[in-house]
Amino acid sequence: MITVQKNVTAMVGNHAVAYAVKQAKPQVLAVFPITPQTTMLEKLAEYIDNGELKAELIKVEGEHSALAAVYGAAVAGARVFTATSSQGLLYMTEMIYWVGGERVPIVNAVATRALAEPWSIWDDHQDFFSKRDASWIMMMAENVQDAYDMTLQAFRISEDKRVILPVMMGFDGFILTHTMERLEILDDETVEKFLPPREFNLIDFNDPVNVGPIAAPDDYMKIKHEAMKAMEGSKEVIEEISKEYERISGRKQYGLIECYECEDADYVFVTAGAWTGDATEAVRRLRNEGKKVGLLKLRVIRPFPKERIKEALKGVQGVVVFDREYSYGYGGILANEIKSAIYNTGIEVMSVIAGIGGKDVRPLHFQKVMEDVLNGKKFEERWLND
């Protein structure tokens, strides 16, 4: 049995991610400042300036250039990192698809923030979810501890030879980026064993090739099919790495999904991101009143863990999915993906749209919605505007 030394501190989310990046020892970083991600960049620059991180921080004129710079470095064999938010992620979009399509190992931390227009600096998930079809693994943190843990695991997952895909780690702007919480960090030696130096390049310098050439239709289809297989196969790798991280950290890790009080629940909340903590508190309150409710937390959005979801919700009468983003003309993104995952099971799916543009959502909001459901006030879609 491994004895784990607990190193307890307190950090805001941006600094926790920066600390994990420092421990991961990337050789090249390119990050453009944007609220609410900027203080992460500042902390990384501080680590480089004082010699704690030996890396090249490329100063770029925008987010498109930031991802282009680390893309080139990653293809050449470097471990790399970038980060962004909101409009910055949109500005990266062209390169997001290049990186995903070429299966380049990169970690990108996205401090989630509402998209214009109207202009907003507050949190929602529209930016993050807009990239769900770009061949990136997408993980979402509930708290500062998650953000730290997921960042370290993201490097390992991205560089695993069974995967070789970029990873995007989403964490809620301001709610996590600027909130200080208790944090358990690993010592540098443990991280080094968990995350050894990257072993391979995508190109052979003794036999150079053209990177990113045009592909004929037959080849294009084959390349996309291989990416699909890598994405599906990453589910097993994510779970495996999560278990290993649990052993070295001494803290429970949950891989693709996490369930709370689901075993005998009649109705279950489904969430992703920081408001999972509010939903957990609502479940506690409702359980204290004798109501059989639970919570399913999605830790990974891509690959979508449909098999695990279907298994976890077996025996449940209905689910209430909270979405902090929306597909206009279609509905809540997670709600519709949950519907697809549990199709033909007889489980009712109710969609709640809330927290858009940073609108406050608290445990009481979750509690009241579930109380309405338990009292027979069912719905297909409900917006929490009040």
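The values are calculated or read from the model by the stated rules, or taken from the named source; none is laboratory data. These numbers come from a predicted model, not from an experiment. In this analysis, Cβ positions are derived from the backbone assuming ideal geometry, glycine residues included, and neighbour counts consider all displayed protein chains. When the accessible area is computed, the model is the full protein with side chains, heavy atoms only, and any ligands, DNA or RNA have been set aside. Shrake-Rupley method; radii C 1.70, N 1.55, O 1.52, S 1.80 Å.
Some points to look at:
- In the set 147, 69, only one residue is touching a strand residue (DSSP E or B) at 6+ places or on another chain (Cβ under 9 Å), under 19 Å from residue 40 (Cβ atoms) and either open to solvent by 10 Å² or more (accessible area, probe 1.4 Å) or part of a loop (DSSP other than H, G, I, E, B) (or both); that residue is 69.
- Selection over region 78-127 of residues that are outside any strand (DSSP E or B), of a type in the set (Val, Ile, Thr) and under 25 Å from residue 56 (Cβ atoms) gives a count of 5.
- When region 307-328 is filtered for residues that are open to solvent by 90 Å² or more (accessible area, probe 1.4 Å) and either modelled with pLDDT under 95 or not aromatic (Phe, Trp, Tyr) (or both), the ones remaining, listed by number, are 307, 308, 310, 311, 314, 317.
- Residue 264, sole failed condition from (1) touching a Gly at 6+ places or on another chain (Cβ under 6 Å); (2) part of a loop (DSSP other than H, G, I, E, B): (1)
- None of 337, 325, 348, 307 is more than 28 Å from residue 149 (Cα to Cα) and of a type in the set (Asp, Glu) except 348.
- Within this structure, residue 343 fails the test of being among the hydroxyl-bearing types (Ser, Thr, Tyr) and under 22 Å from the mean Cα position of the chain (by Cα).
- Residue satisfying condition, being touching a residue at least 12 places away in the same chain (Cβ under 8 Å) and part of a loop (DSSP other than H, G, I, E, B), within set 202, 183: 202
- Which listed residue is touching an Asp or Glu at 6+ places or on another chain (Cβ under 6 Å), over 21 Å from residue 130 (Cβ atoms) and touching a residue at least 60 places away in the same chain (Cβ under 8 Å), from 75, 28, 8, 12: 8
- Flag if residue 284 is in contact with a helix residue (DSSP H, G or I) (Cβ under 8 Å, 6 or more places away or on another chain) and charged (D, E, K, R): no
- Test for residue 153: is it open to solvent by 10 Å² or more (accessible area, probe 1.4 Å), closer than 26 Å to residue 280 by Cα and either part of a loop (DSSP other than H, G, I, E, B) or touching a helix residue (DSSP H, G or I) at 6+ places or on another chain (Cβ under 9 Å) (or both): no
Residues are listed down the side, and each one gets a yes or a no for (1) within 21 Å of residue 158 (Cα to Cα); (2) open to solvent by less than 40 Å² (accessible area, probe 1.4 Å); (3) at pLDDT 95 or above; (4) of a type in the set (Gly, Ala, Ser):
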site: 235; (1), (2), (3), (4): yes, yes, yes, no
site: 264; (1), (2), (3), (4): no, no, yes, no
site: 268; (1), (2), (3), (4): no, yes, yes, no
site: 277; (1), (2), (3), (4): no, yes, yes, yes
site: 295; (1), (2), (3), (4): no, yes, yes, no
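- Identity of the residue in region 337-386, on the phi > 0 side of the Ramachandran plot and assigned to a loop (DSSP other than H, G, I, E, B), that ends up least open to solvent (accessible area, probe 1.4 Å): 355
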